[in-house]
1. Run the quick spin-label model on residue 386 and residue 474: label points 7 Å from Cα toward the beta carbon, then report their separation in nm to one decimal.
2. Once a ≥ b ≥ c are taken as the square roots of the eigenvalues of the Cα gyration tensor of the range 276-380, is the result rounded (a/c under 1.5), prolate (a/b larger than b/c) or oblate (a/b not larger than b/c)?
3. What distance in nm lies between label points placed 7 Å from Cα along the C-beta direction at residue 322 and residue 63?
4. Tell me, Kirkwood radius of the range 378-494 from alpha-carbon pair distances, in Å?
5. To test your reading of the geometry: what angle, between 0 and 90 degrees and rounded to tens, separates the Cα axis of helix 405-417 from the longest principal axis of the chain?
6. Relative contact order for the range 277-321: what is it in percent, counting Cα pairs under 8 Å that are at least 6 residues apart?
7. With a 10 Å Cβ neighbour count serving as the proxy for reagent exposure, in which order, fewest first, do 300, 126 appear?
8. Among 63, 452, rank each residue by its count of other Cβ atoms within 10 Å, from fewest to most, as a rough exposure measure.
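Readers should treat all values here as calculations from the given coordinates under stated rules, not as data from a laboratory. This is a predicted model, so every value here is computed, not measured. Reconstructed Cβ throughout: ideal geometry from the backbone, glycine too, with neighbour counts over all protein chains shown.
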């Protein structure tokens, strides 16, 4: 038994590497364990699991010859045997013997680069060869006829499954025809036969070139420049758990399929903002509105914008406030001038409660009844009414009659007493005479009135004159009375 343990230990000690040869890795070693299946005089059927199977271990040394062929040396140790009935093994009940075998073989590889890639994951082969087997009886069983050494003819098939460049799994089926007919202590002129089923591991011995140090040889590495420390797949490329084409170590969303342009994160609406940062991930938007639509581009998403088609400000819920008075332009009667809420967005410069846009005297405090201007005193109105009919001129001339001086003196006094007053002086004529002449005459008469008032001490800058000729009659021009009413000078106070 010590010899048996020594042999098994020697075979196990040889199991350093495995078989995945190429021109770069010519040598490999495989270790295996399995069972032998006997067929001969005592057993005429294969796969008699109850009586025929015996344990085997072995090691195979393989050398790469070319892409099509490997040469191999197969070393094995184990048992051959078969039992019939009874508790004692012997010639009558069967046989059992230890066997030490070696054979040379040639393997025809399917992974030859033509049928299958040399570095394929699964690498099938068939083989054939010659060998020797030394069978000797177990020391516990009386020897009747020690079979000794016999030649063997071997053929079979198998395959490797290469898990990495450094490790693979192997299955091998070896049919052996043994020239000696007395392995089973029974001779009929035909040799004994065995099938050995085995499974094991294979690892290449040669040094593997792995420039990026990711554990995948440069020959198999489809991504030979992977950064150090990055986890890779069987082909040397960085892992990509979500399958979006962005390696996990560069993927900001490694568990969700995304876009390379988004560093591996999804962008469902295609607006250039990742779904995780997009407040509206299913609707195309803009960055300024956190991924939501913003038609007016004011930075306020349309769903929250009270004026989605007009550029506005946050304080106005997306509506514009051009003058900055806190009133949206749509509600502001004076959108370009800063005003107050009370005045509907318009200013009230004189503080009289009348907005400047409707105040005829925006800088002078007035009353609503006079359109924001100071109220005209009753006596002033009477003087102006008198002047309307009382200022008389020489016929067809701009010369003021002396009878009108008193009325004009009253006008001058009013202007002196009310320095805030300004005066419009308008001249009018009847329809007698030529239109053009009447227009000139009306202007000249207004100018004569102004000149009189200036002579009475009223600043010229406080008065403006205009002539309207016969264009604005107050009465009919068909009667003397009507024409007399149309020949007039009107005074209008302004501020």
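1. 1.5 nm
2. On the way: a/c = 5.89, a/b = 5.32, b/c = 1.11.
Note, shape of the range 276-380 comes out prolate.
3. In this crude label model, residue 322 to residue 63 measures out at 9.7 nm.
4. It is 14.1 Å.
5. For helix 405-417, the angle is close to 40 degrees.
6. Relative contact order for the range 277-321 comes out at 24 percent.
7. 126, 300
8. So the residues, fewest neighbours to most, are 63, 452.
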